[in-house]
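Undergrad: Just passing along the structure, written as structure tokens.
No value in this document is a laboratory result; all are computed from the given coordinates. A quick note: this is a predicted structure, and the numbers were derived from the prediction, not measured. Cβ placement follows ideal geometry from the backbone for every residue including glycine, while neighbour counts extend to all protein chains displayed.
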Amino acid sequence: MESKRGWLKQSFGKRLNAIHSWNAWILLLLTITGIVLSIGAIRGELGSIRVTLKQLHIYLGVASILLIALYTPMIRKHWRQIRARRNQRANLVFVLALLAGWAASGVILWQFRHLPPAWNNTALLLHDLLTWVGVPYAVYHAISRSRWLKRQQRLEQAAGAAKPPAAQPAEKDPVAASEATVEHSTAQAVIAALKDSPITRASFLRIAAGLVIVIAVGPAFYRWIKGALDNGGSATADYIAGDGNSMLPPPAPLPDSAAVVGGGAQGNFRIYTVTEIPAFSSDTWQFAISGLVDKPGVWNWEEFLKLRRTVQVSNFHCVTGWSIYNCTWEGIPLKELLAAAGVQKKAKYVKFYSGDKVYTDALSLDQAGGDDVMVAVLLDGKPIPQKLGGPVRLIVPQMYAYKSVKWLQGIELIEKEHMGYWEVRGYDNDAWVNRSNNA
Ligand SMILES: Nc1nc2c(c(=O)[nH]1)N[C@H]1C(S)=C(S)[C@@H](COP(=O)(O)O)O[C@H]1N2
Ligand SMILES: [Mo]
């Protein structure tokens, strides 16, 4: 109550200024945390900090929403105050639209567990788009309103005021002046106005700053939007073309896979890794099943390719909000691998090891028995490239993709529950998409 009265006691201008600077600081922190969170390549360096950082980003977002709420009762008066300044009005509308868009999409991304993946996908696209537009704009805004530029402007205005004023048209006394005189002085005024270059130093600097920002951000923005709007998954073709794995012979696709019955994956995978992306060669690559099984097994690449494979079409959902639809995966159903190995009574969980030697995850035996849980070798009829976890990765379509271990090389049947790489760092062990059971 005290603080509320204190807040309201302050002058309108002071309150506006306070909100403006708070908004600037929160936006700066949101930008830093948001960008760090979105860089796939540094997930490993961040580790559990990632989860804390995400929480911080959410709190900051909530703070930003509270700030908007604080500003809302002031909008009408503020709007009237800046009636004469079109630029300021345009800026205000733009900034409010940005903040509202970020807030709405942010809340959806925050509450994703209660919403269908398609909402999440749209919210992420919007959140990213607003960031690509809004952050460069905020930087431009900060530069163009900086004290330094304002000083430049004041100096120029002072210099302008010192000049002798241009002749005024003599329309104030039309009776005294002849038609010709009026004509003459009006013409002079027009010429004088033309001599006054509209591009002052300050506005030149402002335009230059805008250009530098556009040139700096433009190409990256173009690449992002191309990927984001691409429904065909063109990036996957590039990953295949530049694949660092050398697995010979290549796996021969089954008819359903060769025909790509799913029509081809829709969307572009974001490449996630917590290590350097490993490369594999069929000379040394091995796959093993061990632990609480009657018949442990080791396969080299050629032997592994002889295991019976099936084809499935499924969606792939990452917990951070992106999805890939209609992937045609070909591989060995996990339950068949397990059945062949002879799971012992004591075994309760299935643990998965990545060839990156760091990433692991686990499923309960019940979850691992799902029909669509697959040890995948091909995507859309092509060998899975290194960047997407090839030569062999796990696919658990009904769970968030952190369960889908890339570069899978080892399966171990164990008795005690195992917490995977991200689960140890704060991810939910219950990874079901759109299901709130703990099975
Ligand atoms: N070995 C390994 N497997 C992994 C990850 C990883 O970092 N390392 N990331 C997981 C997460 S969170 C996701 S969303 C998917 C991403 O798969 P992609 O890189 O092929 O898009 O892989 C999962 N499997
Ligand atoms: Mo993920």
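Undergrad: Can you list residues whose amide H is under 5 Å from Gly410's amide H, if they're 5+ apart or on another chain and H is modeled 1.01 Å from N?
TA: For Gly410, the qualifying residues are Ala288, Tyr353.
Undergrad: I've got another one for you. Just want to confirm a number: the relative contact order over the chain, from Cα pairs under 8 angstrom separated by 6+ residues, in percent.
TA: Relative contact order for the chain comes out at 15 percent.
Undergrad: What nm distance separates the two modelled labels at Asp430 and Trp299, each placed 7 Å from Cα along Cα→Cβ?
TA: 3.4
Undergrad: Using r as the Cβ-Cβ distance of Glu415 and Arg151, and R0 as 45 Å, what FRET efficiency do you calculate, to the nearest 0.05?
TA: Here the calculated transfer efficiency is 0.05.
Undergrad: So for region 306-383, averaging the separation of alpha carbon pairs under 8 Å that are six or more residues apart and normalising by length, what relative contact order in percent results?
TA: It rounds to 34 percent for region 306-383.
Undergrad: Can you bin region 246-424 into rounded, prolate or oblate? Criterion: square roots of the alpha carbon gyration tensor eigenvalues sorted a ≥ b ≥ c, rounded for a/c under 1.5, prolate for a/b above b/c, oblate for the rest.
TA: rounded
Undergrad: Multiplying the sequence separation of Ala216 and Ala259 by 0.36 nm and subtracting their Cα-Cα distance, what value in nm do you get?
TA: 11.2 nm
Undergrad: Please identify, among His418, His78, His127, the residue showing maximal mean-square fluctuation in a Gaussian network model of the chain using a 10 angstrom Cα cutoff.
TA: Most flexible of the set in this elastic network: His78.
Undergrad: What share of the DSSP beta bridges in the chain is antiparallel, in percent to the nearest 5?
TA: Close to 90 percent.
Undergrad: GNM, the chain, Cα, under 10 Å: largest mean-square fluctuation among Leu96, Leu413, Leu363?
TA: Leu96
Undergrad: Moving to a separate point now. Would you please put 307-318, 281-292 in order of how densely packed they are, using the mean number of other Cβ atoms within 10 angstrom per residue and starting with the highest?
TA: 307-318, 281-292
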